[in-house]
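Below: one structure, written as structure tokens.
The values are calculated or read from the model by the stated rules, or taken from the named source; none is laboratory data. This is a predicted model, so every value here is computed, not measured. We place every Cβ from the backbone using ideal geometry, glycine too, and count neighbours over all the protein chains shown. In case anyone asks, the SASA skips ligands and DNA or RNA and just uses the protein heavy atoms, side chains included. Shrake-Rupley method; radii C 1.70, N 1.55, O 1.52, S 1.80 Å.
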Amino acid sequence: MSMPAKFRKKQRTAWSDPNRQGAEVECFLEGPSFDREGNLWFVDIPFGRIFRITPRGEWELVTQYDGWPNGLKIHKDGRIFICDYKKGLLVLDPGTGQLETLLGSMYSEGFKGLNDLHFAANGDLYFTDQGQTGIADSTGRVFRLTHDGRLDRLCTNVPSPNGITLSATDKHCYVGVTRSQQIWRLPIMADGSVSKTGVAVQLSGGVGGPDGIEMDAENGLLVCHQRRALPADDNVAHAGHARPAPQPINCLCRSALG
């Protein structure tokens, strides 16, 4: 389903100049998530727009603001949580379209540029802080905001942390590390700490890298990689080529719905 012409805005933006090398863009859609009514929610980064598509296939612009929304997930209470590259962690009221900032900084320091997020079953929120990090600047970070409001730094040395998800048991956190062509596994201990972080999947090089990732109901990891879609086995020990795809950047499994 393509975006209706009335929403297309082909032009250069402050986001596309550094991220698309000055090319004009009509949109850049990310963060697909279904609510309990069957509406599909997603974001448009360069134009600061939040959309939903109804079960009837109708596109609705919920809100537009001065930001770069990059990831979106829906809390089990119905609130929409957004990772915004410019503004931090935001919360959207789906009924009114009102946005509020939940976290604009951490410990008085600004974020590099938030990217993606995932809820654990207990309500803890895991999210990535990617910014412009990469091999030459491996300072990307992974955070957890617990359901009672504590902010934990789980990793501080990631070369471009992107998509993030949890195993079906919530005992392992997986992160798509775009610039190093890897999927990292962060084992979560009983006290919530992380130990023995390692590489779960090593992918091949190229122009892009792993972007959105998601776990299916059988604990199989799905990885969106530029120009291909990759499944990993149930133990996330290896990945194989599944089928060509035109630059997939995100995916959604029913098991991910709250």
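Within the stretch 1-57, being touching a residue at least 40 places away in the same chain (Cβ under 8 Å) and among the polar types (S, T, N, Q) holds for one residue alone: Ser33.
Looking across the stretch 151-170, just one residue is surrounded by 20 or more Cβ atoms within 10 Å (Cβ to Cβ), assigned to a loop (DSSP other than H, G, I, E, B) and of a type in the set (S, T, N, Q), and that is Ser160. Evaluate the following for Asp116: is it assigned to a strand (DSSP E or B), at pLDDT 95 or above, out of contact with any Cys (no Cβ under 8 Å at 6 or more places or on another chain) and acidic (Asp, Glu)? In short, no.
Figure legend. Inter-residue proximity from the stretch 85-97: first residues surrounded by 15 or more Cβ atoms within 10 Å (Cβ to Cβ), second residues not in a strand (DSSP E or B), beta-carbon distance below 6 Å, spacing 6+ or different chains. Indicated pairs: Tyr85/Trp68; Tyr85/Gly113; Lys86/Gly67; Lys86/Trp68; Lys87/Gly67; Gly88/Gly104; Gly88/Phe111; Val91/Arg79. Hey, can you tell me all the residues within the stretch 181-221 that are buried (at least 20 other Cβ atoms within 10 Å of the Cβ), of a type in the set (Gly, Ala, Ser) and at pLDDT below 95? Once the filter is applied, which keeps residues that are buried (at least 20 other Cβ atoms within 10 Å of the Cβ), of a type in the set (Gly, Ala, Ser) and at pLDDT below 95, the stretch 181-221 yields Gly209, Gly212. Of the candidates Thr156, Thr178, Thr165, the single residue that is β-branched (Val, Ile, Thr) and touching a residue at least 60 places away in the same chain (Cβ under 8 Å) is Thr165. Pro55 - would you say it is over 27 Å from Tyr174 (Cα atoms), of a type outside the set (Lys, Arg), modelled with pLDDT under 95 and open to solvent by 40 Å² or more (accessible area, probe 1.4 Å)? Judged against the criteria, Pro55 is not a match.
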